[in-house]
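As structure tokens, the structure follows; a few thoughts come after it.
Values quoted throughout were computed directly from the atomic coordinates according to the rules given, and no laboratory measurement underlies them. Quick caveat, the model's predicted, so the values are computed rather than measured. No Cβ is skipped: glycine too gets one built from the backbone with ideal geometry, and neighbour counts run over all protein chains shown.
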Amino acid sequence: MNLQFRQATKKDIPTILFFIKQLAVYEDMLEDVQATESLLEQWLFDNPVAFVLLGSVDGSDVGIAIYFTSFSTFLAKPGIYLEDLFILKEHRHLGYGKQFLQKLASICKENDYGRLEWACLDWNQPSIDFYLSLGAIVMKEWSTYRLTGDALEDMANKK
């Protein structure tokens, strides 16, 4: 069954937060969620820095992709960075994840973007296997680094 896609609007904020929390439960990180409806409204709609694609079947939302544009200096083109892709458990293994990635790839193609990238937790073998089956490659020579919380604050305050 094919998904119907739509870009989220402000009225979808409660749904977006629901999916974020469901993803956090899946990743055993619910205590890390700081997202609120107010923050989502601010950063997704009032001062948008990311986009939300919702997928529904028969009028019910079954999955979400949260993404933003990036830029490749080597390609000299923008791309899409997929921050999160999540399908509700009861709707997995039906091809919806692939349909989300196909939709994002088509957005890249329509806009002459150079790549579609994302990260995956090392322990998430079902997702890793799925991504590899699509022809995605693992960027083994790259590691992700992050400054957040106190470390971010400290770095911002250094002279």
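With the simple model of a label 7 Å out from the Cα in the direction of the Cβ, Asn2 to Gln22 spans 2.2 nm.
How high is the relative contact order of the stretch 1-157, given as a whole-number percent (alpha carbon pairs under 8 Å, six or more residues apart)? Intermediate values should be presented prior to the final figure.
On the way: 170 pairs, mean separation 27.1, N = 157.
Value for the stretch 1-157: 17 percent.
The orientation-averaged projected area of the convex hull spanned by the Cα atoms of the stretch 23-94 comes to 7.1 nm². Simple point charges give the picture: +1 on the Cβ of Lys and Arg, -1 on the Cβ of Asp and Glu, and for the chain a dipole about the Cα centre of about 560 debye. Maximal additional length on extending the Lys103-Leu121 stretch stands at 4.2 nm, based on 0.36 nm per residue less the C-alpha distance.
Suppose only helical runs count, i.e. DSSP H with n ≥ 4. What mean residue ellipticity at 222 nm does that imply for the chain under -39500 (n - 2.57) per run, divided by all residues and rounded to the nearest 500 deg cm²/dmol?
-9500 deg cm²/dmol
Extending each Cα 7 Å along its Cβ direction at Thr144 and Gln34, get the distance between those two points in nm, one decimal. Placing both labels 7 Å beyond Cα along the Cβ direction yields 1.7 nm.
What number of lysine-lysine pairs in the chain show an alpha-carbon separation below 23 angstrom, given a sequence spacing of 8 or more or placement on distinct chains? Taking the Cα cut-off of 23 Å, the pair count is 13.
Across Gly149, Gly55, Gly114, mean-square fluctuation computed from a Gaussian network of the chain (C-alpha pairs under 10 Å connected) peaks at Gly149. Only helices reaching 18 angstrom along their own axis (Cα) with mean Kyte-Doolittle hydropathy no lower than 1.0 count here, and for the DSSP H runs of the chain these are 13-26. A Förster distance of 30 Å, applied to the separation of the beta-carbon atoms of Thr69 and Lys159, puts the FRET efficiency at 0.40. Relative to the current alpha-carbon distance between Ala136 and Glu110, full extension at 0.36 nm per residue lengthens the span by 7.4 nm.
Since only Val57, Ala76, Trp123 are under comparison, the one whose Cα sits farthest along the positive direction of the charge dipole of the chain, derived from C-beta charges on Lys, Arg, Asp and Glu, is Ala76.
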